[in-house]
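A short worksheet on the structure shown next.
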Amino acid sequence: MVKRLIALASVAALSGCTLFASPILEVVNLAGSAATGVATMSRDKPSNPVVFAHEPIKEMCIEWNGGVALSDFVPSLQGELQRHGVPSRVYDPGTLPGNCSMTIAYAASVKWDMKMFSTNYTPYMTFASLTLRREGRVVGSAQYRIGRLEQDKWSSVGSKLRPLIDALLISNPEVETAKPPPVEKDKNAALFTGP
């Protein structure tokens, strides 16, 4: 019996895979899952949103900010605009297309850290500011700041921008995503029952 306990303890002490999961590791995984669940259920509110009444927006031009070091920022912003039925295009600063009356400028701050159980550094957004303009005049502004407990640290850029866009586009309700049309069944087709 003692030999079996010693053998079992020796196997558990080896590096690499073990037969039993560490209780500490299980507690950490459970806590991480709970924190992620709570963070996804609670919707963040933008900091200090200021929005003036405006007509529904038909198209938006996004002023490119090369100082934002997040490759998914602009695609996430465009996705959130599209969620409100607003197509968008990006332009370089100083080259605003003449037919673009609504513009949005952005700024964001990024930090780098390692995710749990990872050895690679990953960027995450800690601050974002969006400014909405109609023909050069500010009609809205909203900001995102990471929470004190950083519970949303690893949330996607889109989920962090969503409350800002919702606040800025008060005149554009959220549109449903297009669903594929239902497949009509041919009533005369034979039912395949298999071999």
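The values are calculated or read from the model by the stated rules, or taken from the named source; none is laboratory data. As the structure is a computational prediction, the values presented were derived from the model and not from experiment. Backbone-built Cβ (ideal geometry, glycine too); neighbour counts: all protein chains shown. With ligands, DNA and RNA removed, areas are computed over all heavy atoms of the protein, side chains included. Shrake-Rupley method; radii C 1.70, N 1.55, O 1.52, S 1.80 Å.
Data table
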item: Check on GLY140, surrounded by 10 or more Cβ atoms within 10 Å (Cβ to Cβ), in contact with a strand residue (DSSP E or B) (Cβ under 9 Å, 6 or more places away or on another chain) and within 19 Å of PHE52 (Cβ to Cβ); result: yes
item: Test result for THR119, assigned to a loop (DSSP other than H, G, I, E, B) and at pLDDT 90 or above; result: yes
item: Filter result for SER15 (modelled with pLDDT of 85 or more, open to solvent by 90 Å² or more (accessible area, probe 1.4 Å), part of a loop (DSSP other than H, G, I, E, B) and hydroxyl-bearing (Ser, Thr, Tyr)); result: no
item: Matching residues, the stretch 137-159, being touching a residue at least 24 places away in the same chain (Cβ under 8 Å), out of contact with any Leu (no Cβ under 9 Å at 6 or more places or on another chain) and in a strand (DSSP E or B); result: ARG145
item: Only one of ALA34, ALA39 that is modelled with pLDDT under 60, within 19 Å of the chain's Cα centre (by Cα) and surrounded by 16 or more Cβ atoms within 10 Å (Cβ to Cβ); result: ALA39
item: Residues (assigned to a strand (DSSP E or B), of a type in the set (Ser, Thr, Tyr) and open to solvent by 40 Å² or more (accessible area, probe 1.4 Å)) located in the stretch 89-111; result: SER109
